[in-house]
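The block underneath contains the structure these notes are about, expressed in structure tokens.
The values are calculated or read from the model by the stated rules, or taken from the named source; none is laboratory data. Given the structure is predicted, the values throughout are model-derived calculations rather than measurements. Cβ coordinates were reconstructed from backbone atoms using ideal geometry, including for glycine residues, and neighbour counts include every protein chain displayed. Keep in mind that these areas ignore ligands, DNA and RNA; they rest on the heavy atoms of the full protein, side chains included. Shrake-Rupley method; radii C 1.70, N 1.55, O 1.52, S 1.80 Å.
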Amino acid sequence: MVDRLKSAAEQLEAPICPDCHIEMRWYRSELLADEPVPIIAHLFVCPHCKRAAQTDTVFRGTQGPPDKLSAPRFSAYAA
């Protein structure tokens with residue numbers, strides 16, 4: 001989970017405060033859900049007016065079902 005948090009933090013873009021029109025500062029990140037899809041909430045605060053904002057990172061599944069299922073081969077000779 002720490003790796004997911006680090007990768008999510010690297011891709012963050014700070015929101016712009018709708019009141020002050022300046023970039024908000026990151027405050028903290030927290031895990032909202034782990035199953036079935038991990039979601040991390042990133043909280044930001046405006047350094048001027050202290051307004052808070054949240055953006056979420058939703059991780060998409062990278063593993064899907066395999067294209068082909070492997071099966072043991074049958075030999076021509078029965079044991």
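If you go through region 58-75 one residue at a time, do you hit one that is of a type in the set (A, V, I, L, M), modelled with pLDDT under 90 and loosely packed, with under 10 Cβ neighbours inside 10 Å? Yes, region 58-75 contains at least one residue that is of a type in the set (A, V, I, L, M), modelled with pLDDT under 90 and loosely packed, with under 10 Cβ neighbours inside 10 Å. Say we look at region 22-51 and pick out the residues that are more than 12 Å from residue 12 (Cβ to Cβ) and over 17 Å from the mean Cα position of the chain (by Cα); which of these is least open to solvent (accessible area, probe 1.4 Å)? Selected residue: 46.
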